[in-house]
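**Q** The structure under discussion is supplied below as structure tokens; questions concerning it will follow.
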Amino acid sequence: MSPTQIVVIVLVVLVIVAVLAVAARSLNNRRALRNRFGPEYDRVVAEQDSRSAAERELRDRERRHAELTLTPLSPESRARYAAAWEELQVRFIDSPGETVGDADELVTRLIEEQGYPTGDFSDQIAHLSVEHARTLTNYRDAHEIHLRNSRGEANTEELRQAVVHYRALFADLLGEEPVGHHTPEQRHHPDHDSTSR
């Protein structure tokens, strides 16, 4: 084998190794984004023109999230929010429409107190997606029902579902279930065991 052939073979092997390394790195980055963003990853991929554009968007969310100054809740704040949620669920049976609006406001206050921006809903979702991606579908659905309710288009079952959806994000933000594992109606049934779902 001539020295030129050896050099060519070595260069080809180096190019193949470099391509495999880049592919492995890309696969690892994709896997990390999928793990971090869960169902939000698939949602953003479906919304963008390409997978690489979606992954750029998600990395940009991570970068913007890192610039936030997030504040953990004090035990007193956590207890205050849990009590507010308990009260909200009790009021649902008498005024479900108003309660959904109150749930939206309570979740927004909790998000804001922790340091997330609350001005634009899509911006809020983008920031929350970095640490709370698994409950964002619930939040989007709840917020959509809230908007429909403000136009008089939501029925009582949808309002109940909105409260359940808000509770999922609320519990995720608090780091615990605020008032147990039951729906608003179950709180008013004497035969309901509050420890069951």
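The values are calculated or read from the model by the stated rules, or taken from the named source; none is laboratory data. Everything quoted here is computed from the prediction, not taken from an experiment. Please note: Cβ atoms are built from the backbone with ideal geometry, for glycine as well, and neighbour counts cover all protein chains shown. To get the accessible areas, we keep the full protein, side chains included, count just its heavy atoms, and leave off ligands, DNA and RNA. Shrake-Rupley method; radii C 1.70, N 1.55, O 1.52, S 1.80 Å.
**Q** What net charge do the residues around L58 carry, taking every other residue with its C-beta under 14 Å from that of L58, with Lys and Arg at +1 and Asp and Glu at -1?
**A** +3
**Q** With all protein chains present, how much of the accessible area of the chain (probe radius 1.4 Å) comes from carbon and sulfur, to the nearest whole percent?
**A** The value for the chain is 54 percent carbon and sulfur by accessible area.
**Q** If you stretched the chain out fully between Q5 and S122, how much longer would it get, using 0.36 nm times the residue separation minus the C-alpha to C-alpha distance?
**A** 36.4 nm
**Q** Can I ask one more? Run the dipole for the range 1-98 about the Cα centre, Lys and Arg Cβ at +1, Asp and Glu Cβ at -1, nothing else charged, and hand back the magnitude in debye, nearest 20.
**A** Around 620 debye, computed over the range 1-98.
**Q** Return a whole-number percent for the relative contact order of the chain, with Cα pairs under 8 Å and 6 or more residues apart as the contact set.
**A** The normalised contact order for the chain reaches 22 percent.
**Q** Karplus couplings for the range 161-172 from phi (6.51 cos²θ - 1.76 cosθ + 1.60, θ = phi - 60°), rounded to Hz, Gly and Pro as x?
**A** Each residue's phi maps through the Karplus curve to give 5, 4, 5, 4, 5, 4, 4, 4, 5, 4, 5, 4 Hz.
**Q** Still on this structure, I have one more. Along the charge dipole of the chain, which of V13, S150, L70 sits closest to the positive end, that is, farthest toward it, with unit charges on the beta carbon of Lys, Arg, Asp and Glu (+1, +1, -1, -1)?
**A** Of V13, S150, L70, it is V13.
**Q** Name the residue farthest towards the positive end of the dipole of the range 1-110 from the options L33, A46, W85, assuming +1 on Cβ of Lys and Arg, -1 on Cβ of Asp and Glu, about the Cα centre.
**A** After comparing all options, I get L33.
**Q** Tally Lys/Arg at +1 and Asp/Glu at -1 over every other residue whose Cβ is under 11 Å from the Cβ of Q161; what's the total?
**A** -2
**Q** Just how large is the dipole of the chain about the Cα centre, in debye to the nearest 20, putting +1 at every Lys and Arg Cβ and -1 at every Asp and Glu Cβ?
**A** Charge dipole, the chain, about its Cα centre: 1200 debye, nearest 20.
**Q** What FRET efficiency do you get for E144 and R64 if R0 is 22 Å and r is their Cβ-Cβ distance, rounded to the nearest 0.05?
**A** The computed FRET efficiency comes out at 0.40.
**Q** Once the principal axes of the Cα atoms of the range 8-51 are found, what is the range along each, listed largest first in whole angstroms?
**A** Computed over the Cα atoms, the extents are 45, 21, 6 Å.
**Q** Hey, if you drop one equal point scatterer on each alpha-carbon of the chain and run the Debye formula without solvent, what base-10 log of I(q)/I(0) do you get at q = 0.08, 0.09, 0.17 Å⁻¹?
**A** For the chain at q = 0.08, 0.09, 0.17 Å⁻¹, log10 I(q)/I(0) is -0.39, -0.46, -1.14.
**Q** Follow-up. If we count every other residue with Cβ under 14 angstrom of G97's Cβ, Lys/Arg +1 and Asp/Glu -1, where does the sum land?
**A** My count for the surroundings of G97 gives -4.
**Q** Here's something else I'd like to know. Leaving out ligands and nucleic acids, and using a 1.4 Å probe, what accessible area per residue does the chain come to in Å²?
**A** The answer is 56 Å² per residue.
**Q** Also, quick follow-up: Given the protein chains as shown and a 1.4 Å probe, how many square angstrom of I16 are accessible, to the nearest 10?
**A** Spelled out: I16, probe radius 1.4 Å, area about 90 Å².
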